[in-house]
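Before any comments, here is the structure.
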Amino acid sequence: MAQLIGPSLIQDQLRHLPFVLTGPPRGLPGTLPVRVAGVAQQSTVVVTDARGGLTMEYQGAGFPRGSMSDSTGYALLVVDDSTQRAEGVLIYESQRPPPGYPSIGTLTAQGESVPLYGVRVEWASVSNPKCPLLGAPPLSTTAPAPPSQ
């Protein structure tokens, strides 16, 4: 159930301009989890920050190639509004936002590209830690504290 409701709530944020990203966030990791909205299978995207915006390359199987067209299908980078951390990417097989909507890059897979948009969400309200929407959180890049003696 959470796999359906969470992506729907996140997609709804595109209608609220204060939550829409107009440029790529800083400090993105080299990879992020990705999932097609409503599908349990999760994969990974490799993130490249280029001058013209982000490029994300879908890794593995499960990209919904057959449902993408010039007006259908897009990717959405999800950023936690409390920590400003990118949580991952959701792919939607639905009508794209209108032309001129602020895209922050592209997601590519198997020779196809779809626009990448970004939104800030209250992550705790759309993802349950017991059953995370985008898998386990990314590993911390900070070194663990030495054991106390």
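The values are calculated or read from the model by the stated rules, or taken from the named source; none is laboratory data. These figures come from a predicted structure and were not determined experimentally. No Cβ is skipped: glycine too gets one built from the backbone with ideal geometry, and neighbour counts run over all protein chains shown.
When Ser125, Ser71, Ser113, Ser67 are screened for being modelled with pLDDT under 85 and more than 21 Å from Phe19 (Cα to Cα), only Ser67 passes. Condition test on Gly52, is it modelled with pLDDT under 90 and among the small types (Gly, Ala, Ser)? Criteria met by Gly52.
Of all residue pairs spaced 6 or more apart or on separate chains, those with beta-carbon atoms under 9 Å, a first member in the range 99-120 that is closer than 21 Å to Glu87 by Cβ and free of Cβ contacts under 8 Å to residues at least 60 places away in the same chain and a second member that is β-branched (Val, Ile, Thr) and part of a loop (DSSP other than H, G, I, E, B) are Pro115/Ile104.
I'd like to know if the range 44-57 contains one or more residues that are crowded, with 19+ Cβ neighbours inside 10 Å, within 19 Å of Gly105 (Cβ to Cβ) and not hydrophobic (A, V, I, L, M, F, W, C). No, the range 44-57 contains no residue that is crowded, with 19+ Cβ neighbours inside 10 Å, within 19 Å of Gly105 (Cβ to Cβ) and not hydrophobic (A, V, I, L, M, F, W, C). Restricting the first member to the range 59-70 and to residues that are closer than 15 Å to Arg35 by Cβ and among the aliphatic types (A, V, I, L, M), and the second to residues that are assigned to a strand (DSSP E or B) and at pLDDT 85 or above, the beta-carbon pairs closer than 8 Å and six or more apart or on different chains are Ala61/Ser43.
If you scan the range 42-58, which residues turn out to be touching a Lys or Arg at 6+ places or on another chain (Cβ under 8 Å) and more than 13 Å from Leu90 (Cβ to Cβ)?
Residues of the range 42-58 that are touching a Lys or Arg at 6+ places or on another chain (Cβ under 8 Å), as a first pass: 42-43.
None - no residue of the range 42-58 is touching a Lys or Arg at 6+ places or on another chain (Cβ under 8 Å) and more than 13 Å from Leu90 (Cβ to Cβ), so the list stays empty.
Of everything listed in (1) closer than 17 Å to Thr22 by Cβ; (2) of a type outside the set (A, V, I, L, M, F, W, C); (3) modelled with pLDDT of 90 or more, the single unmet condition for Glu57 is (1). When the range 74-109 is filtered for residues that are crowded, with 19+ Cβ neighbours inside 10 Å and among the small types (Gly, Ala, Ser), the ones remaining, listed by number, are Ala75, Ala86, Gly88, Ser103, Gly105, Ala109.
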